[in-house]
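Beneath this line is the structure, given in structure tokens, with notes to follow.
The values are calculated or read from the model by the stated rules, or taken from the named source; none is laboratory data. Quick caveat, the model's predicted, so the values are computed rather than measured. Note that each Cβ is placed from the backbone with ideal geometry, even for glycine, and that neighbours are counted across all protein chains shown. Ligands, DNA and RNA are stripped out before the accessible areas are found, and what is left, the full protein with its side chains, is counted by its heavy atoms. Shrake-Rupley method; radii C 1.70, N 1.55, O 1.52, S 1.80 Å.
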Protein chains: 2
Amino acid sequence: MTLPNHFELIATDGTARTGRLTTPNGAVRTPAFMPVGTAGAMKGLYWREVREAGSDIVLGNTYHLMLRPGAERIAALGGLQRFTGWQGPMLTDSGGFQVMSLSELRKLSEHAVTFRSHIDGLKVELSPERSIEVQRLLGSDIAMQLDECVRLPAERSDIERAMQLSLRWAERSKRAFETAAPGYMLFGIVQGGDIAALRQTSALGLADIGFHGYAIGGLAVGEPQAVMLAMIEEAAPLLPDDRPRYLMGVGTPEDILDAVKRGIDMFDCVLPTRNGRHGVAFTRFGAINLRNARHADDPRPLDEESNWPSTREISRAYLHHLVRSGETLGAMLLSEINIAYYQRLMQDIRDAIAKGIFSDFYELTRAKWARGDIAPLAG
Amino acid sequence: MTLPNHFELIATDGTARTGRLTTPNGAVRTPAFMPVGTAGAMKGLYWREVREAGSDIVLGNTYHLMLRPGAERIAALGGLQRFTGWQGPMLTDSGGFQVMSLSELRKLSEHAVTFRSHIDGLKVELSPERSIEVQRLLGSDIAMQLDECVRLPAERSDIERAMQLSLRWAERSKRAFETAAPGYMLFGIVQGGDIAALRQTSALGLADIGFHGYAIGGLAVGEPQAVMLAMIEEAAPLLPDDRPRYLMGVGTPEDILDAVKRGIDMFDCVLPTRNGRHGVAFTRFGAINLRNARHADDPRPLDEESNWPSTREISRAYLHHLVRSGETLGAMLLSEINIAYYQRLMQDIRDAIAKGIFSDFYELTRAKWARGDIAPLAG
């Protein structure tokens, strides 16, 4: 059954695309970067900063939220937007990835995955149907199917088994989503590890079932970037052209640029906030480690031409001091600076595609990153 | 020698006073609460929030700043305001209190205190002259004399020796401050532990030397509140009426109210930010522990009549979740909420004194705190 399409393609430039995805809680300009608010909060940022930085949509983690504070509780409190105060679209993952990476004593069957909560040790069962139920209770604008993500490197037989299970779970997820209110969306997830033929089978199988959008999962899990890009090239062309394509858990600014070039529309990653907490700023000069002693006496800002006030106004010396002192303010400022840089990059990407100059933008942006940071002050 | 007076008394009500202290970086409305930005940053708050919450002046810790990033470095970067971005008056302590509480292997002589830095283990000497030099390098609007603060309970002989040493250091501090630019201020510090006669000697001795303002130190170090209030009653009346009086390291909202009643004009304390990080909110209903399960399903804000948006708009359920999950945003929101409550309290105190209704305000405020939080939702 073909599901309604809420995605509008505005322009393409080569394989790169820019468009607009309409959700019950607002529109998402694509290519879009979704900051990750794991447990209903963005680490180190107020929601208003997430918005001001240019984020249209954020991601919440079903695994964390179902364990604490609980999906039924959030539903009773009016859903994730009402609960958190984030006024905009929210995508939730299925919980599967965190079950694999965070929980103990998990057991996988055809029916479901069972695990012990990393918070209180209680046994929890997560089936495709329960995952959809939880995401609907949370009020997600975009729900993800439950899948099995295999850590690479892995045996072909394991990758294939997980991919086939994920396809069967995709069908069950779609059935469980049938009664969802209009406008809400469900995405299927392409699996298949680093094996081209399996990625193709998965993509074609999902397209056959039919979803509002399609994610490519199981990448950025340790494989070389070339493998990730090759898998995108296998899967993306087999997914329906008129639907959004979401590359899960990616990535660095470089990864994003290369994936957009291959037709990806949506991204999520903890990198800007996690690296911010570790003293690293993302800028048009590339990644800058503020912990480095070269910044200790440098009164210059990270980037005096930035459109973001903290990037343009706060000295490297102060940021260096905050990072070295372990002050929360350092993590707050760098997280905000990084989300703002990511969203600025996405806006520039959208503009370049709309103007048909994405190739030039791609080369120029990479050249600037490669050139690196401004020269240290003459000491 | 009488120093110029930058303090203007606007109104008194009983022993309580309201006034205005003019510094090179702006005016301070008194009674004033100074949030503590230990190492050049307020934990969990942006400087703009500190300002928006109603803070006129903040406190920086000389001990932390001289060790990292270093006073000479901050001076080269244009002073504390330029370095941190805080646009307003800043008071710095002398460093003495932290030497006593944080550093190892300290050795006290008539000349100075020497200690090992808790950061890199290097040996550092802090004399009254060096403390003033450091504070002038930092660009403090208000510098404090170096003193010796004795932890209570203590022997009378120890308390007296430390008080007399502090008086001699007060004289040396004043001499070291003689060449400071006009408008900058130096405060002496009353010591004398919990012994009335020693407090009197100290206050009279300092008044004889003559300072821009006077602090009462060595309180809120573990003694009962009644002892603290009794010591204020001994010292405050002996200090020049026309100069500001600052009670160091105090305190709870209750302490502040009681000290204002006894003629105190300035306060500083880490309590609103520290307790915020531990899940406690200060409100007109008293202190509220958000960790408590009664808040888990409560969609109501902390105080729907508050003038501060986060206090009025964010649900107890969400705050509870953030605190339980250890999310940075919980610490950020509660720190902001608490500083805003403290500053609201100070504004209400100033208004009550100006209107001559401080006694009524005192009783009413304490009654509200005693009544406690609103009733839990009927389950």
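Seen from B:Ala71, the other residues with C-beta closer than 11 Å to its C-beta sum to a net charge of +2, counting Lys and Arg as +1 and Asp and Glu as -1.
A simple rule links phi to the HN-Hα coupling: the Karplus curve 6.51 cos²θ - 1.76 cosθ + 1.60 with θ = phi - 60°, which for segment A:268-280 gives 9, 6, 8, 3, x, 7, 5, 5, x, 5, 9, x, 10 Hz, with x for Gly and Pro.
Note on chain B: GNM, Cα springs under 10 Å; of B:Leu206, B:Leu364, B:Leu333, the largest mean-square fluctuation is that of B:Leu364.
Out of the total accessible area of chain B (probe 1.4 Å, heavy atoms of protein only), what percent is carbon and sulfur? Show your work: numbers first, answer last.
Numbers: 7190 of 14450 Å².
C and S fraction of accessible area: 50 percent.
Would you mind classifying segment A:93-171 by shape? Square roots of the alpha carbon gyration tensor eigenvalues, ordered a ≥ b ≥ c; an a/c under 1.5 is rounded, otherwise it is prolate if a/b is larger than b/c and oblate if not. Oblate, because a/c is 1.5 or more while a/b does not exceed b/c. Plainly put, the tip 7 Å out from Cα toward Cβ on B:Ala27 is 4.9 nm from that tip on each other copy, the closest given first.
Of the DSSP beta bridges with both residues in chain A, give the percent that are antiparallel, rounding to the nearest 5. Don't jump to the answer; show the numbers that get you there.
On the way: 23 of 45 bridges.
Among the beta bridges of chain A, antiparallel pairing accounts for roughly 50 percent.
Shielding by partners for A:39-50, please: the mean number of other protein chain Cβ atoms within 10 Å of each residue's Cβ. Could the numbers behind the result be given before it?
Details: counts 7, 6, 10, 3, 3, 5, 3, 7, 1, 1, 1, 0.
Rounded to a whole number, the mean comes out at 4.
Inter-copy label distances for B:Arg73: 4.3 nm (label point placed 7 Å from Cα along Cα→Cβ; shortest first).
Taking the charge dipole of the protein assembly as shown about its Cα centre, with +1 at Lys and Arg Cβ atoms and -1 at Asp and Glu Cβ atoms, the residue from B:Thr179, B:His6, B:Val190 reaching farthest to the positive side is B:Val190.
For segment A:65-201, the share of DSSP beta bridges that are antiparallel, to the nearest 5, is 60%.
Other residues with beta-carbon under 14 Å from the beta-carbon of B:Gly96 carry, at +1 per Lys or Arg and -1 per Asp or Glu, a net charge of +1. How tilted is helix B:358-371 with respect to the longest principal axis of chain B? Cα atoms for both, answer in degrees (0 to 90, nearest 10). Approximately 50 degrees, to the nearest 10. Estimated from helical segments only, the mean residue ellipticity of chain B at 222 nm is -13000 deg cm²/dmol, where each DSSP H run of four or more residues counts as -39500 (n - 2.57). Using a Gaussian network model of chain B in which every pair of alpha carbons under 10 angstrom is joined by a spring, one finds that among B:Met144, B:Met34, B:Met248 the greatest mean-square fluctuation is at B:Met248. Placing a label point 7 Å from Cα along the Cα-to-Cβ direction at A:Leu122 gives distances to the equivalent points in the other copies of 5.4 nm, listed shortest first.
Remark: spin-label model distance A:Ala370-B:Asp120 equals 3.9 nm, labels positioned 7 Å along the Cα→Cβ axis.
Peptide packing for B:187-194, B:236-243, B:268-275 was compared via the average number of neighbouring C-beta atoms within 10 Å per residue; ordered from the highest value, the list is B:187-194, B:268-275, B:236-243.
Add +1 for every Lys or Arg and -1 for every Asp or Glu among the other residues with Cβ under 12 Å from the Cβ of A:Asp297, and state the total. Don't skip to the end; give the middle numbers.
Numbers: positive: A:Arg294, A:Arg300, A:Arg316, B:Arg73; negative: A:Asp298, B:Glu72.
Once all neighbours under 12 Å are counted, the net charge is +2.
With contacts taken as Cα pairs under 8 Å and at least 6 residues apart, chain A reaches a relative contact order of 18 percent.
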